[in-house]
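This report refers to the structure that appears directly beneath it.
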Amino acid sequence: IASGARRTPPGGRAVRAMGDVNDPFYLVKEEIQLSVDKAKAVTERMDRLPEHNGERARYANEIVTECDSVVWQLEELNRATGMAERDFVRFRVDANELSSRKRWTSVTKDAVVAMRGNARRVVDGAAEKQKRAGGQNSNHFAAGASASDQSTQNDHYLDDHNQQQQHMLRSQDVDLEDISVSIRRIGQVGLTIGEELATQGKMLEDLEQVRPCAFPNPRTVY
């Protein structure tokens, strides 16, 4: 039977032979799968951390919470599938489709329960270490927090340093502009002085040319 095709039972009502993307089951299934993928991603991050890292307990708590929610959704989904199984003609879903849904729900639940159990052991182990060490484990958490604080401080330092560099560059740009303006002003003053000197030189030359005529040599007069 092709995907999306329907069979007509003796009662005359069509039943879905395969999953319908608009079926509420698959809408809920998609949401559950997203939550499962999220829990898996957090589990992978947790597993990459060393055993003594305090972040593992935080990740583990997040995984336990996510898995509890998923398990509850799977149980509700399985209950709905059971209702459809008792009257699959009424719910228009055939036996093969119901069997496929139950199998997916069961497999997913087993995986989620195992993932939750692993995370729960990490949480319990961290709590037990803290209890035995009389707060020693809390120091690991504090160390993790200190590392986080140090990282934040480093980020702030780099930001401040970058801002200072930007401020210095802007100040240098302003200084260079002021120097450029001063150089242009000095050049203009020098040009003006040069023009005045040239004018004065021309005036002196004219005066020298006029002087012999205005003041003749006395020896030539007598």
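The values are calculated or read from the model by the stated rules, or taken from the named source; none is laboratory data. Quantities reported herein were computed from a predicted structural model and do not represent experimental measurements. Protein only, heavy atoms only, side chains kept; ligands, DNA and RNA dropped before computing areas. Shrake-Rupley method; radii C 1.70, N 1.55, O 1.52, S 1.80 Å.
So what is log10(I(q)/I(0)) for the range 25-140 at q = 0.20 1/Å, when the Debye sum runs over its Cα atoms only? Listed by q, the Debye log ratios stand at -0.98.
Put Val93, Val71 in order of accessible area, largest first, 1.4 Å probe: what do you get?
Val71, Val93
Ignoring solvent entirely, what values of log10 I(q)/I(0) come out of the Debye formula for the range 55-109 at 0.24 Å⁻¹ when each Cα is a single scatterer? Here log10 of I(q) over I(0) equals -0.87.
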